[in-house]
Amino acid sequence: MSAVMEKATRSDDLYAQLEALPANLTGEIINGRLYTQPRPANPHALASSSLGMDIGSAYHRGRGGPGGWWILDEPEIHFIRDTEVLVPDLAGWRRERMPRLPRDHRIEVVPDWVCEILSPSTAKTDRVIKMPVYARHGVPYLWLVDPLAHTLEVFALREERWTVIGLFQEEDSVIVEPFAEIALELGALWANLEEQ
């Protein structure tokens, strides 16, 4: 379940609160508020890991794809240092735009792609609160994966607004921007999950 903490009087107070969170919580500072959420459930973790392996192999490592990207799990993106801090499930940067990764945990370069894995407790925050922030800061591509509904929604930023460029489901084989050089098999993102 996601939680929202009250606004602090100063942004550095919020970032200090974020840094003090226990290891089992992820924190983000969005629009002057600290949001927290626990570690993800297995459907979320499987979708994120599988997608990261497929895209990372082709684009991060150049195996079966063009390479030339950094693909990271849960990076701490500072759109405004210590003030507007988001942690997408996956994000990618073209290496021509960010030749080296920073040594610390803060990344201040706007990603070329972000992916949020939806869960019942985070879907509203991902859609209503985080999507506008990604658009405002010029992230060109956004993917929303719902491992329970078995769907992938792909958005491109066009004239500062999100435009749907692809809707996929179940076992679809997906070739879509910004990773159109490879085919992704969606079924792998939710395979072998036991029904409860």
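So here's what we get for this one:
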{"quantity": "Answer residue from segment 63-118, given it is in contact with a Cys (Cβ under 9 Å, 6 or more places away or on another chain) and assigned to a strand (DSSP E or B) and is farthest from Leu18 (Cα to Cα) among those", "calculated": "Gly92"}
{"quantity": "Filter result for Asp126 (under 16 Å from Glu74 (Cβ atoms) and either touching a residue at least 12 places away in the same chain (Cβ under 8 Å) or among the basic types (Lys, Arg) (or both))", "calculated": "yes"}
{"quantity": "Residues of segment 1-42 satisfying the condition of being in a helix (DSSP H, G or I), at pLDDT below 90 and not acidic (Asp, Glu)", "calculated": "Ser11, Asn42"}
{"quantity": "Hits in segment 139-196 (condition: touching a strand residue (DSSP E or B) at 6+ places or on another chain (Cβ under 9 Å), in a loop (DSSP other than H, G, I, E, B) and of a type in the set (Asp, Glu))", "calculated": "Glu170, Glu171, Asp172, Glu177"}
{"quantity": "Total residues in segment 19-30, condition surrounded by 11 or more Cβ atoms within 10 Å (Cβ to Cβ) and of a type in the set (S, T, N, Q)", "calculated": "1"}
{"quantity": "Residues satisfying the stated conditions in segment 61-84, i.e. modelled with pLDDT of 95 or more, surrounded by 17 or more Cβ atoms within 10 Å (Cβ to Cβ) and over 22 Å from Tyr15 (Cα atoms)", "calculated": "Trp69, Trp70, Ile71"}
{"quantity": "Contacts under 6 angstrom Cβ, first residue in segment 160-172 being closer than 14 Å to Tyr141 by Cβ, partner among the small types (Gly, Ala, Ser) and assigned to a strand (DSSP E or B), 6 or more apart", "calculated": "Thr163/Ala156; Ile165/Ala156"}
{"quantity": "Hits in segment 43-62 (condition: free of Cβ contacts under 8 Å to residues at least 60 places away in the same chain and part of a helix (DSSP H, G or I))", "calculated": "Ala45, Ser49, Gly52, Met53, Gly56, Ser57, His60"}
{"quantity": "Unique match (being within 15 Å of the chain's Cα centre (by Cα), farther than 22 Å from Asp54 by Cβ and among the hydrophobic types (A, V, I, L, M, F, W, C)) among Val133, Val139", "calculated": "Val133"}
{"quantity": "Number of the exception - Cys115 against (1) within 21 Å of Asp73 (Cβ to Cβ); (2) touching a strand residue (DSSP E or B) at 6+ places or on another chain (Cβ under 6 Å); (3) of a type outside the set (Gly, Ala, Ser); (4) without any contact (Cβ under 8 Å) to a residue 40 or more places away in the chain", "calculated": "(4)"}
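A quick yes/no check of all residues on (1) among the hydrophobic types (A, V, I, L, M, F, W, C); (2) touching a Leu at 6+ places or on another chain (Cβ under 6 Å):
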residue	(1), (2)
Asp89	no, no
Trp93	yes, no
Arg103	no, no
Glu116	no, yes
Ser121	no, no
Thr125	no, no
Trp162	yes, no
Phe179	yes, no
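The values are calculated or read from the model by the stated rules, or taken from the named source; none is laboratory data. Note that the structure is predicted; figures quoted are calculated from it, not measured. Using ideal geometry, Cβ is built from the backbone for each residue, glycine included, and neighbour counts are taken over all protein chains shown.
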